[in-house]
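Have a look at the structure below, then the notes.
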Amino acid sequence: HHVFVCSGLGCPRNDEIRRALERAVQTQHLQDAVLIRKVGCMGLCSAGPLVLIQPQELMYQGVQPEDAEEIIASLGKSPIQRLLLPADLAFFTRQHKNVLRLSGRIDPESLPDYLVAGGYQALLKTLATLQPPDILRSIQDSGLRGRGGAGYPTGLKWATVAKAQGSPKYLICNADEGDPGAFMDRSLLESTPHAILEGMIMAAYAVGASQGFIYIRAEYPLAVQRLKRVIRDAEQNNLLGHSICGSNLNFHIQIRLGAGAFVCGEETALIRSIEGKRGLPRPRPPYPAEKGLWGCPTLINNVETYANIPPLITHGPEWCANLGTDKSRGTKVFALTGRVRHTGLIEVPMGMRLREIVDDIGGGLTEGHTLKAVQTGGPSGGCIPAALLDTPVSYESLNELGSIMGSGGMIVIDETSSMVDIVTYFMAFCRDESCGKCTPCRVGTAQIHNLLIKFQNHRATMADLEMLEWLCDLLKNTSLCGLGQSAPNPVLSALRFFRREFLDCIATEQ
Ligand code: SF4
């Protein structure tokens, strides 16, 4: 038997549970028959700590160290009913796992585990049989779009870097995940860090980059620790460094720690931060693909985008192209949180309806609550009201409703939450995170926040409402970078679908 214990940050006391299981194996003299393994996130964080028994595929929820003896004693016998999760739970059966397929199935830090699961096969196939233009064509044919938020076509970006003049070429993995409610990148890095490296190495081969950087928040210590370990193992096994796997590819990866500024997720600010300067955005063009790190062509993609590359090359571009909608291909990872029964990390084909995510995968709202809205895209996104729950999840359909796909935060909001409170929270976040370089965002976010406080206190006037809309419009159109341009989105979306709540906050004596 293999007993897999989640070792992600979402499952508390998991180290203690693993040690208790190991002790139970010893006391029951089962060392030859049972192997306890630490694995990455299994997804259903709300039911954690999770333990998976193989080969029976039994999943135990809410496991505590005190359950260890009973779990080990029950192996090969009847499952422990009080801990057992139903095998047909829609949370698992309705998902389509692509980048998460190995999450919770292998030891994140083990190179042998990753190899046995088929890891680095796509890289070997690439180096042995494909030329860089073949890869670029595959990525373009697949229709893959950047998973960091903007949804820019990945193939087009790679092709631009590949043909850009300048040397050396750099490659960056943007792991500066900062949206409140989002933990997709952290979980991917904690669960399958080798897969991210593999995607980066293949990208380096395709665009001709020789040096890569992973820019990751210092607030993600477990992910950083695991990345350091897997980079070292990859170097020792000729998967990184000179003449990778006997090919002519030379590629190195370094980690750069971000200090927690949200604006450093913006690519030009991130690049300045890696260069050792203060993370301030600059106008584009020139785009990083042509003039990026130290003025050289630079490919910058987020964690999930790189994680898509190995399966895409293994299965061919049609495989990704056949999933999802016409313009939004493949799958998307979401951090499903809020007032649903089942919260955690999920992966669904693009085009799945929000209703299926909330009702089936999420298991519906918690007892006694009704759905009010689903928030996507965090402080840059918006709310989809319950009446529009049949909206398919795609870049286009969410944009049409004034929200964005974003990097994958999805917060389910119930009837007890005030939309005015929610947007005030997001605006305070943007005000605090504004870098201050341009006036519309530096001053505008503070002014919008002040106005929202007046609404919260029921002291607003109709003139405040007009001013609120005017300022939001101004910020959208005149801010220098995406942070300021998208900061009004939550407010505008709430005004569009929940205007009544703002009108109810207007003082009656006015
Ligand atoms: Fe800085 Fe905001 Fe201007 Fe972006 S929009 S440059 S975050 S002040």
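The values are calculated or read from the model by the stated rules, or taken from the named source; none is laboratory data. In this text the structure is predicted, and so the values were computed from the model without any measurement. Every residue, glycine as well, gets a Cβ built from its backbone with ideal geometry; the counts of neighbours run over all protein chains shown. We work out accessible area using only protein heavy atoms, side chains counted, and drop any ligands, DNA or RNA first. Shrake-Rupley method; radii C 1.70, N 1.55, O 1.52, S 1.80 Å.
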Next on the checklist: For the stretch 496-507, check the following and say yes or no: at least one residue is surrounded by fewer than 20 Cβ atoms within 10 Å (Cβ to Cβ), basic (Lys, Arg), within 16 Å of the ligand (Cβ to nearest atom) and within 30 Å of the chain's Cα centre (by Cα).
Outcome noted: no
Next on the checklist: Given the criteria away from the ligand (no atom under 16 Å from the Cβ) and without any contact (Cβ under 8 Å) to a residue 40 or more places away in the chain, does LYS228 qualify?
Outcome noted: yes
Item to check | Pairs with Cβ under 8 Å, 6+ apart, first in the stretch 305-325 and under 16 Å from GLY146 (Cβ atoms), second open to solvent by less than 10 Å² (accessible area, probe 1.4 Å) and among the acidic types (Asp, Glu) | outcome: ILE309/GLU198
Next on the checklist: If a residue counts only when it is of a type in the set (S, T, N, Q), which helices (runs of 4 or more DSSP H) contained entirely in the stretch 417-510 have at least 3 such residues?
Outcome noted: 439-456
Next on the checklist: Between a residue in the stretch 118-130 that is over 14 Å from LEU197 (Cα atoms) and any residue that is among the small types (Gly, Ala, Ser), which pairs come within a Cβ distance under 7 Å, given they are 6 or more apart or on different chains?
Outcome noted: LEU127/SER247
Checklist entry - Within the stretch 429-470, can you find the residues that are within 13 Å of the ligand (Cβ to nearest atom), open to solvent by 20 Å² or more (accessible area, probe 1.4 Å) and not small (Gly, Ala, Ser)? => result PHE429, ARG431, ASP432, GLU433, CYS435, LYS437, CYS438, THR439, PRO440, ARG442, VAL443
Checklist entry - Among the helices (runs of 4 or more DSSP H) confined wholly to the stretch 168-252, which include 3 or more residues that are open to solvent by 10 Å² or more (accessible area, probe 1.4 Å)? => result 221-236
Checklist entry - Here are some conditions: (1) open to solvent by 10 Å² or more (accessible area, probe 1.4 Å); (2) more than 13 Å from the ligand (Cβ to nearest atom); (3) farther than 25 Å from THR370 by Cβ; (4) modelled with pLDDT of 95 or more. THR478 meets all but one. Which one does it not meet? => result (2)
Item to check | Test for VAL491: is it buried (at least 21 other Cβ atoms within 10 Å of the Cβ), more than 16 Å from the ligand (Cβ to nearest atom) and among the β-branched types (Val, Ile, Thr) | outcome: no
